[in-house]
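Here's the structure we're looking at; comments come further down.
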């Protein structure tokens, strides 16, 4: 069973338990959910250290205009998608009937067991430490430290695939059981549906923006590239993994007659890791809805701006597996927006429901940025279409 089906199953099982299970069972399972939430929060700083440090070290070792241009474009595109998502959500959410604070209940369900697992380092501490470590690796060029961070990266990557992502369905089930038992199910489901109606069109609009800008800059038929990239779009929808879709994306991009082979071979793998506008837009819009539901207020741009800036950076570290983007973002969702365990559980569920479309947007958007880098590096010295 794929991850998205497991998430759906977790939602359904959680709702059924919240409706029909006796309170002792709910409290017992709530205890398990609390421990799972603590475990997830403990792992997140380690994830940030592993992937950000390795990413900074690898990018630092590679000099060149193309790399710098590619990273700047990826970051600007990701931030742009987040700002578009924030703007769309701000414009439409007030009219969609989402009740502020509707997941804040007077009904309290106290778990029988609350095992606190303090994180070894704070989220911001982990981010700063990872950047310093990555920059230090590029300067001293120690094979020992480089080997250690690569091995640590592999360990954390394996933990995510086999010890974190598989936990999400159970965590989501516990969250929805708790929500249902507190009588908060209807407003939560309504909010989920409303934001999904907004997220997917927003992602498609951002793709149109990227390819329009690419067409204006390169004076090429960017939408023929978009059409060529469609097999990668549908492959990404099926795999929910940018990394798994990389071979298909490369094959599609190589079919574009006016893109140089060396540009495709450099840009598509780079953007596969560093360019996640679909995921970033979805996380931003989902975070707004969850903040409204759990905190009872519509966030302002001033409140959200630190989150938007950090999310654009942290998404570079997102491992290319289903759920990797939201996993990497959980830390700053907690540290900058103050989401609690219930809020994080809602974020995971809402993000995973649309993950197919977000991943597809990530992958296909890479084609537009590849056009821009190719033009910037080689000018008009390209093959004719």
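The values are calculated or read from the model by the stated rules, or taken from the named source; none is laboratory data. Note that the structure is a prediction, hence the values are computed from the model and not measured. No Cβ is skipped: glycine too gets one built from the backbone with ideal geometry, and neighbour counts run over all protein chains shown.
Taking region 327-343 as the region of interest, how many residues are more than 12 Å from residue 176 (Cα to Cα) and either within 13 Å of the chain's Cα centre (by Cα) or assigned to a helix (DSSP H, G or I) (or both)?
Within region 327-343, residues that are more than 12 Å from residue 176 (Cα to Cα) and either within 13 Å of the chain's Cα centre (by Cα) or assigned to a helix (DSSP H, G or I) (or both) number 11.
Output the residues belonging to region 202-233 that are in a helix (DSSP H, G or I) and over 22 Å from residue 251 (Cβ atoms).
Scanning region 202-233 gives 202, 203, 204, 205, 206, 208, 209, 212, 213, 215, 216, 217.
Among 198, 230, 159, 207, which is the only one that is within 21 Å of residue 273 (Cα to Cα) and buried (at least 20 other Cβ atoms within 10 Å of the Cβ)?
207
Being closer than 29 Å to residue 158 by Cβ, modelled with pLDDT under 85 and crowded, with 20+ Cβ neighbours inside 10 Å is the requirement here; does residue 360 meet it?
no
I'd like to check something: does region 56-68 contain any residue that is surrounded by 21 or more Cβ atoms within 10 Å (Cβ to Cβ) and modelled with pLDDT under 85?
Taking region 56-68 first, the residues surrounded by 21 or more Cβ atoms within 10 Å (Cβ to Cβ) are 56-57.
From what is left, the residues that are modelled with pLDDT under 85 are 56-57.
Yes, region 56-68 contains a residue that is surrounded by 21 or more Cβ atoms within 10 Å (Cβ to Cβ) and modelled with pLDDT under 85.
Looking for something buried (at least 16 other Cβ atoms within 10 Å of the Cβ), at pLDDT below 85 and either out of contact with any helix residue (DSSP H, G or I) (no Cβ under 8 Å at 6 or more places or on another chain) or part of a loop (DSSP other than H, G, I, E, B) (or both) - is there at least one such residue anywhere in region 79-98?
yes
Within region 110-143, which residues are part of a helix (DSSP H, G or I), surrounded by 15 or more Cβ atoms within 10 Å (Cβ to Cβ) and more than 24 Å from the chain's Cα centre (by Cα)?
Within region 110-143, 136, 137, 138 qualify.
Quick test of your reading of the structure: residue 273 fulfils all but one of (1) in contact with a helix residue (DSSP H, G or I) (Cβ under 6 Å, 6 or more places away or on another chain); (2) crowded, with 21+ Cβ neighbours inside 10 Å; (3) within 24 Å of residue 325 (Cα to Cα). Name the failing condition by number.
In the conditions (1) in contact with a helix residue (DSSP H, G or I) (Cβ under 6 Å, 6 or more places away or on another chain); (2) crowded, with 21+ Cβ neighbours inside 10 Å; (3) within 24 Å of residue 325 (Cα to Cα), residue 273 misses (1) alone.
Which condition from (1) within 25 Å of residue 366 (Cα to Cα); (2) part of a helix (DSSP H, G or I); (3) touching a residue at least 24 places away in the same chain (Cβ under 8 Å) is the one that residue 175 breaks?
With respect to (1) within 25 Å of residue 366 (Cα to Cα); (2) part of a helix (DSSP H, G or I); (3) touching a residue at least 24 places away in the same chain (Cβ under 8 Å), residue 175 is out only on (1).
Of the residues that make up region 254-263, is at least one part of a loop (DSSP other than H, G, I, E, B), in contact with a helix residue (DSSP H, G or I) (Cβ under 8 Å, 6 or more places away or on another chain), modelled with pLDDT of 85 or more and surrounded by 20 or more Cβ atoms within 10 Å (Cβ to Cβ)?
yes
Restricting to region 215-243, count the residues that are in contact with a helix residue (DSSP H, G or I) (Cβ under 8 Å, 6 or more places away or on another chain) and within 22 Å of residue 358 (Cα to Cα). Steps first, please.
Here is the first cut: in region 215-243, the ones in contact with a helix residue (DSSP H, G or I) (Cβ under 8 Å, 6 or more places away or on another chain) are 215, 217-218, 220-223, 225-226, 228-243.
Retained after the next criterion (residues that are within 22 Å of residue 358 (Cα to Cα)): 222-223, 225-226, 228-243.
Here the count works out to 20.
Being at pLDDT below 90 and part of a helix (DSSP H, G or I) is true for just one of 247, 322. Which residue is that?
247
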